[in-house]
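Colleague: Can you keep this structure in mind? I'll have questions shortly.
The values are calculated or read from the model by the stated rules, or taken from the named source; none is laboratory data. Predicted model, so just to flag it, every value in this text is computed and none were measured. All Cβ positions, even for glycine, are placed from backbone atoms using ideal geometry, and neighbour counts span all protein chains on display. With ligands, DNA and RNA removed, areas are computed over all heavy atoms of the protein, side chains included. Shrake-Rupley method; radii C 1.70, N 1.55, O 1.52, S 1.80 Å.
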Amino acid sequence: MSELHDVVIIGSGPAGYTAAIYSARANLKPILFQGMQPGGQLTITTDVENFPGYPDGILGPEMMEDLRKQAERFGTDIRFDEVVEVDFSKRPFTIKSQFGEVQAQAVIISTGATAKLIGLEAETRLMGHGVSACATCDAAFFPDKEVVVVGGGDSAMEEANYLTRFASKVTVVHRREGLRASKIMVDRAKANSKIEWALNNVVEDIHAGEDGKVNAVTLKSTTDDSTQMLECEGLFVAIGHSPNTKIFKDKIELDGKGYVVVTPGGTQTSVEGVFACGDVMDATYRQAVTAAGTGCMAAIDSERWLEEQEH
Ligand code: NAP
């Protein structure tokens, strides 16, 4: 018989850790599975300037380390282990991980989201050889080099700006004329003299030299289908994210894009006793502070639900 716990939290971003802090302080002794990227996406970012309470900003990894310590301080059992399968068909729920199996009266899903890729064969082949989905992880490999960023959202603007700390030139390739990013981010990028723009274009192919590293991309115009070669040594893909819900498919209701469906204004999923918070259920705001907010909501919702079960 596997261990039985009141609350099991799957995922370790700001949503999961906040849920853990609240559940632990409610004396529910939560177990938190960190997954393969402890701290989630904030561990691959640099300065977080918009989380309330940090007037000078804070480094993403540092903030996640603080959240982890805070969750641990109140008694969260944090496990460096990845959940591989869940059984929500009967209670208590069963959660199988790489290293074992536990049972839970209530589950909080906070598995976050992962960067999307364009879908080119060369993109996967050259990943780590000039192609990257994380400027903050890899920008330093491109000192005085010319690089390309794909995307027109806040991530693309942020990555382009960050890359100019190292690269000599950054070309933003976006499939439309209009940028999706917020005005402040666009203004900052437009004011950066190292950033050039290839609007109304997509990356059609990525080329490598004899050393196996990226040396150019083919751009294709979305207005007249014309193509051109652009020499560059790095390609950074920043076109959004997909929710990490593979293990929940057919176990709980997901929307058309794979996000967990929750009750409006709450965190209850289609399975009673299973709650979701953070980027895995939020395709709209996707901020550290909103993830933390929904993490708190999921902890309170699960605590009340457990109480109702006279647990
Ligand atoms: P996003 O807002 O969904 O933007 C994705 C961008 O990639 C869009 O411009 C989209 O083009 C383009 N795109 C999508 N699929 C593509 C494809 N297959 N080929 C080429 N281009 C493609 O994603 P995001 O930039 O990651 O931002 C997500 C959320 O996080 C937003 O709410 C954003 O505000 C937030 N965020 C905030 C900050 C910050 O405040 N510091 C930083 C990063 C992210 P279309 O515009 O044509 O659809």
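Colleague: Rounded to the nearest whole Å², what accessible area per residue is found for the chain with the 1.4 Å probe?
Modeller: Accessible surface, normalised per residue, equals 49 Å².
Colleague: How high is the relative contact order of the chain? Use alpha-carbon pairs under 8 Å, at least six apart in sequence, and give a whole percent.
Modeller: The value is 21 percent.
Colleague: Right, here's the next one. Taking a 32 Å limit on the Cα-Cα distance, which of the listed pairs K145/K257; K145/K249; K29/K90 fall beyond it?
Modeller: Pairs exceeding the cut-off: K145/K257; K145/K249.
Colleague: Quick one: angle between helix 14-25 and the longest Cα principal axis of the chain, in degrees between 0 and 90, rounded to 10, please.
Modeller: That works out to roughly 20 degrees.
Colleague: If I take every Cα pair under 8 Å that is 6 or more residues apart in the range 62-108, average their sequence separation and divide by the length, what percent do I get for the relative contact order?
Modeller: Computed value for the range 62-108: 23 percent relative contact order.
Colleague: Provide the gained length on full extension for the span D224 to Q309, in nm with one decimal, where the gain is 0.36 nm per separating residue minus the Cα-Cα distance.
Modeller: The D224-Q309 span can extend by a further 24.4 nm.
Colleague: Report in % the part of the accessible area of the chain that belongs to carbon and sulfur, leaving out ligands and nucleic acids; probe 1.4 Å.
Modeller: Percent of accessible area from carbon and sulfur atoms in the chain: 48.
Colleague: Sticking with this structure for a sec: Round to the nearest 0.05 the FRET efficiency obtained for A191 and E49 when R0 = 25 Å and r is the Cβ-Cβ distance.
Modeller: For A191 and E49, the calculated efficiency is 0.90.
Colleague: Only Cα pairs under 8 Å and at least 6 apart count here; give the relative contact order of the range 117-237 as a rounded whole percent. Mind dumping the intermediate values first?
Modeller: Details: 264 pairs, mean separation 37.0, N = 121.
Relative contact order for the range 117-237 comes out at 31 percent.
Colleague: Would you list which aspartates and glutamates come within 14 Å of K169, measuring only between C-alpha atoms, while excluding same-chain residues fewer than 8 positions from it?
Modeller: Straight-distance partners of K169: D144, E146, E159, E196, E231, E233.
Colleague: Here is a further query. If you line up the long axis of helix 288-308 against the longest principal axis of the chain, both from Cα atoms, how many degrees apart are they, to the nearest 10?
Modeller: 20 degrees
Colleague: Please identify, among E253, E210, E82, the residue showing maximal mean-square fluctuation in a Gaussian network model of the chain using a 10 angstrom Cα cutoff.
Modeller: Of E253, E210, E82, the most mobile in the Gaussian network model is E210.
Colleague: Rounded to the nearest 5, what % of DSSP beta bridges with both residues in the chain are antiparallel?
Modeller: 45 percent
Colleague: Ordering M185, M36, M229 by how much accessible area each has at a 1.4 Å probe, largest first, what is the list?
Modeller: In descending accessible area the options line up as M229, M36, M185.
Colleague: How would you rank 260-271, 144-155, highest first, on the average number of other Cβ atoms within 10 Å across their residues?
Modeller: Ranking the peptides 260-271, 144-155 by packing returns 144-155, 260-271.
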